[in-house]
Amino acid sequence: MKQGMGNAFATMAAGGAPALAKAFEEAFGHGPATPSAVCVGVAALSEWMPWLAPAQRLLDAADQQRIARKLRERDRDAVVLAYALHRLFLAHLLQLEPGEVPLRRDDAGRPCLGAMPGCTSLSHSGNAVAFAYSPLGVVGIDIEPRGRSAGMAEIAERVCHPDERAALPVTAALRNEALLATWVRKEAFLKAAGVGLACEMETFSAPEQVVLHTGA
């Protein structure tokens, strides 16, 4: 799927939730009616901010309660858009109306689809949101701003298995980026495994382009 950025907003006007759904279709293109592989979408929240009001109307009561706990208005707005875009992403793939998507949270707070086949995951950080859907099994996704790599050296021992630390680049900038990439891979894996940060990252390795088995 394409990233939802740019051209769809040139002629944008207020129009409620149906217009937001149409803008999403224009931005993301046409996904498969029956996905046979993992699908991922990424968007810049700032580009969807003009759609904040109709986005709020796509959320259910549980979402609204969760968002209301956020102390800062900008954080609440970001989560509104992240949740709404996630719902539109799933509706787009599953060929459902947004209100028909059985999107809920499990006991651990992870998004799930109830009795509907397939698994989904959501991550938002800073101005970015990413969402994933898998018809094949569990899925996890994570996204972080590249600027956060600057502080990664301080927590290298909490992120990397000893073998990974030994293989890190020597150059500080490259080392920090490698640490952030490792964090993102491991966070996505732990989401898919359903354990979150209950499992310490330094206890396992997560090489690039290597399938890790969650046991689920």
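The values are calculated or read from the model by the stated rules, or taken from the named source; none is laboratory data. Because the structure is a prediction, the values reported are computed rather than measured. Please note: Cβ atoms are built from the backbone with ideal geometry, for glycine as well, and neighbour counts cover all protein chains shown. Protein only, heavy atoms only, side chains kept; ligands, DNA and RNA dropped before computing areas. Shrake-Rupley method; radii C 1.70, N 1.55, O 1.52, S 1.80 Å.
Cβ-Cβ distance of T171 and L212, R₀ of 30 Å, FRET efficiency by 1/(1 + (r/R0)^6): the value works out to about 0.65. Of the accessible area of the chain, computed with a 1.4 Å probe over protein heavy atoms only, carbon and sulfur atoms account for 54 percent. Taking every protein chain into account, the accessible area of the chain amounts to 54 square angstrom per residue (probe 1.4 Å).
Note on R146 and A19: with the Förster distance fixed at 45 Å, the Cβ-Cβ geometry gives a FRET efficiency of about 0.85.
Seen against the Cα atoms of the chain and their longest principal axis, helix 73-94 is set at about 80 degrees. Of the residues A130, L168, S205, the one whose Cα sits farthest towards the positive end of the charge dipole of the chain is A130 (charges of +1 on Lys and Arg Cβ, -1 on Asp and Glu Cβ, taken about the Cα centre). Spatial offset of region 111-131 relative to region 162-216 amounts to 20 Å, using the alpha carbon center of each.
Using a Gaussian network model of the chain in which every pair of alpha carbons under 10 angstrom is joined by a spring, one finds that among S36, S123, S149 the greatest mean-square fluctuation is at S36. Extension gain, S46 to D75: 0.36 nm times the residue separation minus the Cα-Cα distance gives 9.2 nm. Rounded to the nearest 20, the size of the Cβ-charge dipole of the chain about its Cα centre is 340 debye, with Lys and Arg at +1 and Asp and Glu at -1.
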